[in-house]
Amino acid sequence: MSRLTPRAGALTVQAKALAFVLFAVAFGTNVSTPLLLLYRERLDLSATSVTVIFAVYAAGLLPALFLAGPASDRLGRRPVVVPFVVVSVLASAMFLGASAGLWVLLLARLAQGMVSGAVFSVGSAWMGELVPDQGAASRAAATALSLGFGLGPLTAGALAQWAPAPALTPFVVHLVLMAGALAVLRRVPETLLAPRGTGPLLNLGVPRAARQPFLRFVVPAALCVFTFPSVAAVTLPLRLQAAMPGIALVVTGAAAGLALTTGAFVQRLEKRMGPALAAPAGAAAGALGLALGLVAAAVDVPWVLLPAATALGVGYGLTLAAGLTATQRLADPAARGALVSTFYAVAYLGFGVPVVISVVGEGTSFDGGLQVLLACTLAIVGLLSLRLDRATVDRPRPSAAPLTTS
């Protein structure tokens, strides 16, 4: 298998185009998040049903993650990414009919999960081939995703609170963004010059020599990644909904947007810190955010949700950037898509945490589950702080000599 690596600066426009595609798709994945409280009122849903709508995303995402990465290593990046970008458009169109009932919300969220599983993992691997520097590629992909994740709910929360047709307008905005994404996607070249065409249907992509650092470092960091913003966007707003009359939608959108946007801006710190230091620092920031969330719940003061979301966002951004950089450095170039998919598969388990917390609390109490989560996060901080694999994850993999094209 041959891989196309650009001359210095030759693919700047193409890399930016791919970053915009990742941003636009990520924007759509969280447009529905602040609207969950609106759906709860209009469709008379329980708290557990709301968390299930949020988490069913993972049911579509995990199979797509495990299948899309190896498929892109066999067939190329474009044949996998382009069809799922189209599915992103269809998913937002389905949300326009959300008033039909719970089943529409579940189906649309499931489709969003499938899109994310394919586009984010393969798109991140694609970026790693468009941008020769592994750290820069990881940060470019992670920043585009985090900005989309953050601005989606922030925009949707404001529109749902104050714009006409609150259940429709946010998705119309996303459909406009997707029209632009489909237009610029044509500029992004295929980077696998000779895809294998054959290979295993399922491949975790973990090199034998990298198994221990992947399990001891990447997996614990990945478990933090989407747990933190999920708690900020779903669990804490549900816990404090009664204390936010008339502002619940915009506060929920602000909390989700703040967590995810903060995550985008702190990722530059990972370049200075290195993955081995950034990961435990991120987990510690997430632990601080969970502690602040428990304080907000105890005093029933919703404004405390905002600093909690900020700390959770710092944790999300640092663990995402550190985990992605370490994954890129541990990967065999011939199976990079598979290993990035495995990283995201572990990370997206965090979307199920609000459901677990709600079920444990029988849909009425969230505090006990949050306390257990805080204890688990502190244990991860301790594990990552040992820095057992610093020499491996902080050392860039040697790059192949660039191939130039006319």
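Taking 0.36 nm per residue of sequence separation and subtracting the Cα-Cα distance, how much length would be gained by fully extending the chain between V172 and V356, in nm to one decimal? Mind dumping the intermediate values first?
On the way: separation 184, 0.36 × 184 = 66.24 nm, distance 3.20 nm.
Additional length available on full extension: 63.0 nm.
Listed values [x] 20.8; [y] 23.7; [z] 25.9 include one computed from this model; for Kirkwood radius over Cα pairs in Å that value carries the label [x]. Net charge dipole, the chain: roughly 1280 debye, given to the nearest 20, about the Cα centre with Cβ charges of +1 for Lys and Arg and -1 for Asp and Glu.
If each residue of separation counts as 0.36 nm, what is the full-extension length gain between R272 and V301 once their alpha-carbon separation is subtracted? If you can, show how the numbers build up before the last one.
Working: separation 29, 0.36 × 29 = 10.44 nm, distance 3.61 nm.
Full-extension gain reported as 6.8 nm.
Distance between the modelled labels on W162 and E190, one decimal in nanometres: 4.8 nm (7 Å Cα→Cβ projection).
Subtract the Cα-Cα distance of S46 and C376 from 0.36 nm times their separation in residues, and report this length gain in nm to one decimal. The partial results should precede the final answer.
On the way: separation 330, 0.36 × 330 = 118.80 nm, distance 2.70 nm.
Full extension from S46 to C376 adds 116.1 nm.
How many angstrom separate the Cα center of segment 17-72 from the Cα center of segment 303-330? That distance is 19 Å. Distance between the pseudo-spin-label points of A179 and A242 (7 Å out from Cα toward the beta carbon): 4.5 nm. Considering only A158, Q267, V122, the residue lying farthest towards the positive end of the dipole of the chain is V122, judged by Cα position with unit charges set on Cβ.
Given a Förster distance of 56 Å, report the FRET efficiency between S99 and L386 from their Cβ-Cβ distance, rounded to the nearest 0.05.
Details: r = 51 Å, r/R0 = 0.92.
For R0 = 56 Å, the calculated efficiency reads 0.60.
With the simple spin-label model, which puts each label point 7 Å out from Cα in the Cβ direction, the V82 to A59 separation comes to 3.2 nm.
Every read-out reported here was derived from the displayed coordinates using simple, explicitly stated rules and does not represent laboratory data. These numbers come from a predicted model, not from an experiment. Positions of Cβ are backbone-derived with ideal geometry, glycine not excepted, and every protein chain shown enters the neighbour counts.
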